[in-house]
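Each remark here refers to the structure printed beneath this line.
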RNA sequence: CGGGGCGUGGCGCAGUUUGGCUAGCGCGCCUGCCUUGGGAGCAGGAGGCCGGAGGUUCAAAUCCUCUCGCCCCGACCA
């Protein structure tokens, strides 16, 4: 490709719309442009990187017996009504009607479609296992799109669906996908670590997310350096610890006036207490019924855990009116003493002695509240959000915290969709059984963004060889000089002939401009052709990542580049 | 949806508080000269219904009302 022809409009200045480095660089390097909030057009360079990631994914999916299919973006409402998700998905689903007023959506995912596709064709265990995948645009009307490709409303996703005859089969499919993911991300030059995760709306119990550790990541994860445990904070288990400190003496319960003081921070400042001396009592509506949940003052409640524990569909913080009705006080003064609704407490609450709690009375708190003496709880459970510094649920060592970009997730779905949609097969013993499913997604655009997030410097992108839009850029210092121009064109032709993806910067620009663009776009290898070295019959190779330069005789350039390419990535 | 911010040539911004002359600056773009190992220099030039609609006024980028879009923080998610 000739640089003069390549549609890669680079920007000297950073567009105001971008916050994240990866987003800024994708715009500056001319990889993509925004068309609407959360929607992007890929330009040639960006698309080439995307295609390379897709190709790696295809190879690894095919290697585990995945077969590629392509399903529509526009999906009929009926299928979603069958699974119940037409209502569950809510505002996040892009919905539309055709001219006959029939309802459709832009697919946010494809479980329904694939299940429908398979149920009409798979009849027997002999046809299993079946692993189908597709790479397709998906649509979610995100509440807040942000960070360029990290959270768009339109995004490219690979998803594979597995269908097995039993749990063992599902397990095999699951781990095959799991290990394929490890290979995929490694090939993309990413260190993506699997963490235990919550399955969210998709359903299922066993699931891992693949996280690229990065400050820009939207997810918080916890991990243990000793035993290797790693989990999303949404999922990370809390530990029911034994009491360590000797029991302090229980002081008498006492009510204190706390006018206008309702948050933990305010209470602590006012009463000269520490957050861990307090117990937070939160009033929730679980499927419409009020319940109370308690965590220690320095802890946060994990709503996912509470919802699972209560086995309810909808869990939301109670409105002011309900809180008043339940606690007899405005928001901020609820406490366990004398509360009549079911009361669930996090394990850590067990060990708070002489706690500060709300008095269930406006502008008042209680000092020295103690479990059993002053209040009882309906039951204890793991309800808090686990945080860095907490003990590891596996080995009790200290958990570390980090932020991560979720580039992929694997789920064991079980029979949620096959059952709802009647996708069954006949087992060997003739019994009709729902297919056992798994699903496995990778955000392709997000993966590209994560690669850039982890591979850049102040000058621009540093592509790993495996997904670089082009491998090599040839930069003649001046195309005006016929000797340089001739040498550059010859090298260009030779590299193309050798199958090396090459761009020749034939623009009539000063060398500085060409170097800056080359660095910004991030070609892994640059060949500089200048008058001085050319006199010696030499050219100069610069490695983008290390900035390492070496001059060598021009007839050796092609073979040297091939050597570098065969050596895999240039780190 | 709540909170905050922003819409002025392709990009980055000033001007808006306190209405007033032809709407500026840097970068980019076009032409010419010159220059050629890290975003050169000089000269000339093109390009803007100031997001949109309505209103106030002799006069609106500037004041008022409504509206659309975009970004950031939060609740949701690959």
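The values are calculated or read from the model by the stated rules, or taken from the named source; none is laboratory data. In this text, all values refer to a predicted model and were calculated from it rather than measured experimentally. All Cβ positions, glycine included, derive from the backbone under ideal geometry; neighbour counts span all protein chains shown.
Given the structure, is residue A:486 free of Cβ contacts under 8 Å to residues at least 60 places away in the same chain and within 13 Å of RNA strand B (Cβ to nearest atom)? Here the answer is no, as residue A:486 does not meet what is asked. Once segment A:132-182 is narrowed to residues that are surrounded by fewer than 18 Cβ atoms within 10 Å (Cβ to Cβ), within 16 Å of RNA strand B (Cβ to nearest atom) and not in a loop (DSSP other than H, G, I, E, B), the residue that is modelled with the lowest pLDDT is A:146. Restricting segment A:294-322 to residues that are within 16 Å of RNA strand B (Cβ to nearest atom) and more than 29 Å from the chain's Cα centre (by Cα), the residue that is farthest from residue A:238 (Cα to Cα) is A:320.
Checking each residue in segment A:546-568 for being touching a residue at least 40 places away in the same chain (Cβ under 8 Å) and either more than 18 Å from residue A:502 (Cβ to Cβ) or in a strand (DSSP E or B) (or both) picks out only A:568.
Among the residues of segment A:191-233, those identified as in a strand (DSSP E or B) and farther than 15 Å from residue A:407 by Cα are A:222, A:223, A:230. Only residues that are at pLDDT below 85 and touching a helix residue (DSSP H, G or I) at 6+ places or on another chain (Cβ under 8 Å) were counted in segment A:261-284, giving 3. Only one entry of A:503, A:527 meets the criterion of being closer than 19 Å to residue A:560 by Cβ, buried (at least 19 other Cβ atoms within 10 Å of the Cβ) and within 12 Å of RNA strand B (Cβ to nearest atom), and that entry is A:527. Within segment A:530-537, does at least one residue satisfy the condition of being in contact with a helix residue (DSSP H, G or I) (Cβ under 9 Å, 6 or more places away or on another chain), part of a loop (DSSP other than H, G, I, E, B) and more than 7 Å from RNA strand B (Cβ to nearest atom)? Within segment A:530-537, one or more residues are in contact with a helix residue (DSSP H, G or I) (Cβ under 9 Å, 6 or more places away or on another chain), part of a loop (DSSP other than H, G, I, E, B) and more than 7 Å from RNA strand B (Cβ to nearest atom).
With a requirement of 1 or more residues that are free of Cβ contacts under 8 Å to residues at least 24 places away in the same chain and within 14 Å of RNA strand B (Cβ to nearest atom), the strands (runs of 3 or more DSSP E) lying completely within segment A:1-95 that satisfy it span A:32-36, A:39-42.
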